[in-house]
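The values are calculated or read from the model by the stated rules, or taken from the named source; none is laboratory data. Computed from a predicted model, the values in this text were never measured in an experiment. Neighbour counts are summed over all protein chains in view; Cβ atoms, including those assigned to glycine, are modelled from backbone coordinates with ideal geometry.
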Amino acid sequence: MKVLIVDDEFNVRDVIRQLGQWEKYGITDLFEACNGEEAKRIIMKENPEMILTDVKMPGISGLELIEWLDSISYNGKVILITGFDDYSYMRKAIQCGSFDYLLKPIEADAFNHTLADAVRSWEKEEEDRHYKESYEDVKRLRMNQVVTAACVGELFNSNELVSYLPPSEKYDLTLISFYQMHHAYPYIQLLDDELIIQKLGNAFALQTDHSLCLVITKHGKWLEIEEWISQQFDIPVRLVNGDPISSLTELPIAFQSLQKALEEQTFRSINRLNDLDEARRIKDIVSYVEKYYMDELSLEKLSNRFFLSREHISRKFKQETGMPLSKYMMNLRINQAKCWLIETEESIFSISTMLGYQDEKYFSKLFKKVVGMTPFEYRNSEKKLQIGSR
């Protein structure tokens, strides 16, 4: 736990430092500031859990300091220390949420009693904050799961979904697509928090695709939300708006329409990717393919994830790798198949399925075309080589 002592007199700071039973109350770091300006810098850098401040100081006073702390929603404990028994000081301290008010000269027992109370209060509030944050995380995950289930056509409880949204006769749906290599979740959470505060709707992170976010808002409010996004988001996004729905039971069909529009490149952009180096983007695509080559990848899917046209990706991918996307993926799959054939006892059918080939015969034919022998022959030949080398 960190504590900051703010007083323009060195001897006062020294007395406080000597009086406090810091170790007893779990305080590991003591910082000092001789004025309000220095205190601000330390607070922003170190974020102390407790601040002990004088009232009258040159420059920024203690009262101005606690007003500033109140304005930034500081959640630590503030104790005012002063030689003036003035009710106006006490009143201001209370208004700004200060924990206590001590008079100089400071007595050891009174000071440590206040210190102990402040530590206990902070620990209790911190425990409550963690519990609340944990609860909010669980609730947010549940919301995302319910909406994702609806979007993929699974059974969902529309009444439960209604409980996550403000009352409205109709709802507007917007699908937001994030550039694949960006971390979308902090932005989705930021938007979600704003929508909840304004009581306009909710933003849901889809569990099946972390680059997509479905926003459900009260009908007719989207323009002001989009304006907020354009001001707050510093990364590029693509937006697809759908027709309003009067019942959340319509969500599965409405989402399919949004997804189709995105695939057909019917979107609007916020913060275009002009400033992102194209060579870097192509390398991102190659890295993505090398990670997800066993999935069903297509130029269309890559286009939506990396904000480039299919034709452009096709041309640049071949320039970067020396081969078309389909051939590059095939080579990755065949090389992985070789490893599994040598290192595991998985069946040929199992290996072909894991690689994304549902037809074992097609996989074997493809493997032979590339390697010159069937998967079965390749496995046996490698085993013979291993035995011969012993």
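Scanning segment 302-333 for residues that are crowded, with 18+ Cβ neighbours inside 10 Å and assigned to a helix (DSSP H, G or I) yields Leu302, Ser303, Asn304, Arg305, Phe306, Ile313, Phe317, Leu325, Tyr328, Met329, Met330, Arg333.
Any idea which residue in segment 172-202 is surrounded by the fewest Cβ atoms within 10 Å (Cβ to Cβ), counting only those that are of a type in the set (S, T, N, Q) and farther than 14 Å from Glu224 by Cα?
Checked segment 172-202; the qualifying residue surrounded by the fewest Cβ atoms within 10 Å (Cβ to Cβ) is Gln189.
Based on what the data block shows, is Met329 closer than 30 Å to Val237 by Cα and in contact (Cβ under 8 Å) with a residue 60 or more places away in the chain? So Met329 fails the test. Within the set Ser168, Ser247, the sole residue that is surrounded by 15 or more Cβ atoms within 10 Å (Cβ to Cβ), modelled with pLDDT of 90 or more and either farther than 20 Å from Arg305 by Cα or not hydrophobic (A, V, I, L, M, F, W, C) (or both) turns out to be Ser168. For segment 35-76: of the residues being small (Gly, Ala, Ser) and surrounded by fewer than 16 Cβ atoms within 10 Å (Cβ to Cβ), which is nearest to Glu123 (Cα to Cα)? Checked segment 35-76; the qualifying residue nearest to Glu123 (Cα to Cα) is Ser73. The residue that is nearest to Ile253 (Cα to Cα), among those in segment 140-173 that are of a type in the set (S, T, N, Q) and under 25 Å from the mean Cα position of the chain (by Cα), is Thr148. In this structure, is Ile27 outside any strand (DSSP E or B) and in contact with a Lys or Arg (Cβ under 9 Å, 6 or more places away or on another chain)? Criteria met by Ile27. Taking the residues in segment 334-390 that are hydroxyl-bearing (Ser, Thr, Tyr) and not in a helix (DSSP H, G or I) as candidates, determine which candidate is farthest from Val286 (Cα to Cα). For segment 334-390, the residue satisfying everything is Ser389.
Looking only at residues that are among the β-branched types (Val, Ile, Thr) and not in a strand (DSSP E or B) in segment 36-75, which one is farthest from Ala116 (Cα to Cα)?
The residue in question is Ile60.
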